[in-house]
Structures are given as structure tokens and as C-alpha cells.
Amino acid sequence: MPWGGAPKCPGCERSVYPMDQVIAADRKPFHNRCIRCQMFGCGNELTARTIHQYEGVNICEKCHDNIYRNKVYGPPEGGESLEERRRREEEERLAREQAERSKRDRKCMECDKKTFPEDSDELSPGMYYHKTCMKCSACERKPEDDDPLIMGNRNEDDVFGPQILDPYCKFCFAKKFKMSAVHIQEIVTIAPELAIGL
């Protein structure tokens, strides 16, 4: 500012006189019309540090970042695309239908063949498995007398979705559901009827 002159407004670079000046947060004088962000719907107060020019108007730092930030289209990092989601939902729908058919017709959940009382076991209400088809769905370990299979939800993340149960050995169940294998063994020995629907 020259001697005796008026200070310059950081928004328009013109002289600002005491009658029409507004002091910003950083104590710089602005014109009344220049102190606010001129993006439609914004109206944030500007300071000499946060002022940006865009197509001849003054905008705030937030609006400037929204304009010039790198935009990423598509699913977020680690998310599933629309096509993957449709494929997953279709697979879940088919699995539910197959499970319902198997329950209704008393078919083995693994091989989808008819079961009879002498060659099959009911691991969960309405879910029958041939004795030769019974194995852990993660590691394919066969059940033993002291190590029965435990039924667990296939998709533990989807709490509100329909339950599709798979058999697990106690070690895979503990790993998948982050539970102690010792705790699972206690449940199986204390209340074996609860181990099926655990």
C-alpha cells in the first residue's frame, strides 16, 4: 500500500476503502462482495490464505479441492463392482434354492443325491449329509468321534441376509469366526445338541 493510499482487497486486487471494507479472519480488509466464496451454495468466508481464483471468481479452498481433486470412478478400493455383486447375489440365490430343494427332498447337501436314514446324518435341522460326503468345507477334513463337524454361516459378514450353513471342523470354525477352539470343544462336550447350530 503506497503512502496515504487505500489497502488492496485480496479478492479483486482493487482498493478497498473504509466504508465498504470487511475484515477477514486473518485481519485483511476485503470488499463486502469479495469475502464469501462465490461457488453456488457455498458461501464460506475467505481469507488471504484460503482464496483461490477459478474462472474469474473467488472460491474457498474446499471448493477448489472439489474441482481439482483426482476423481476415482467405479467401486472403492477393496469394494465389489456392480457385476461382481450381481454374480455373488445370483450364486447365493442358487445356493439357497438348492438348499431348500435338498431339505424338501431329503437330499445330501454336498452331492445332491437322495439320502436314507441308514447312510446319512442330519447335521442341522433339515440338512442331511451322506456319511461319505461329510467333510469340512474349508479344509475337507472328515469328522472323527471326538471331533464333530460344526455348522456355520457361509457369509458371516452379511448379518441380515439369509443363512446358508456349511460344515466346519472346529479348527476352521475357530479361524473363520475368530473363536477359541478350546471354547468350541467345551460347547460340544457340554451341550452337543447346540454344536449343530452354533
- Scan region 58-117 for residues that are more than 29 Å from residue 128 (Cβ to Cβ) and assigned to a loop (DSSP other than H, G, I, E, B) and report the count. 14
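Specify the residue that is modelled with the highest pLDDT; the eligible residues are those in region 1-32 that are in contact with a helix residue (DSSP H, G or I) (Cβ under 9 Å, 6 or more places away or on another chain) and assigned to a loop (DSSP other than H, G, I, E, B). First the steps, then the outcome.
Quick first cut of region 1-32, residues in contact with a helix residue (DSSP H, G or I) (Cβ under 9 Å, 6 or more places away or on another chain) only: 6, 29, 31-32.
Next cut, assigned to a loop (DSSP other than H, G, I, E, B) only: 6, 32.
On the way: 6: 79, 32: 73.
Across region 1-32, the extreme among qualifying residues is 6.
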- Message: Please go through region 159-198 and give me each residue that is under 25 Å from residue 108 (Cα atoms), under 21 Å from the mean Cα position of the chain (by Cα) and modelled with pLDDT under 75, ordered by number.
- Response: 161, 162, 163, 164
- Message: Taking the criterion of being surrounded by fewer than 10 Cβ atoms within 10 Å (Cβ to Cβ) and either under 41 Å from the mean Cα position of the chain (by Cα) or free of Cβ contacts under 8 Å to residues at least 12 places away in the same chain (or both), would at least one residue in region 99-114 satisfy it?
- Response: yes
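Just to verify a result, which residue in region 125-158, among those that are assigned to a strand (DSSP E or B) and within 30 Å of the chain's Cα centre (by Cα), is surrounded by the fewest Cβ atoms within 10 Å (Cβ to Cβ)? Explain how you work it out, then say what you get.
Within region 125-158, the subset assigned to a strand (DSSP E or B) is 127-130, 150-153.
Retained after the next criterion (residues that are within 30 Å of the chain's Cα centre (by Cα)): 150-153.
On the way: 150: 28, 151: 19, 152: 20, 153: 16.
Here the residue is 153.
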- Message: Please count how many residues of region 31-64 are under 11 Å from residue 12 (Cα atoms), without any contact (Cβ under 8 Å) to a residue 40 or more places away in the chain and either buried (at least 18 other Cβ atoms within 10 Å of the Cβ) or of a type in the set (Val, Ile, Thr) (or both).
- Response: 3
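The values are calculated or read from the model by the stated rules, or taken from the named source; none is laboratory data. None of these values were measured; they are calculated from a predicted model. Cβ: placed from backbone, ideal geometry, glycine included. Neighbour counts: every protein chain shown.
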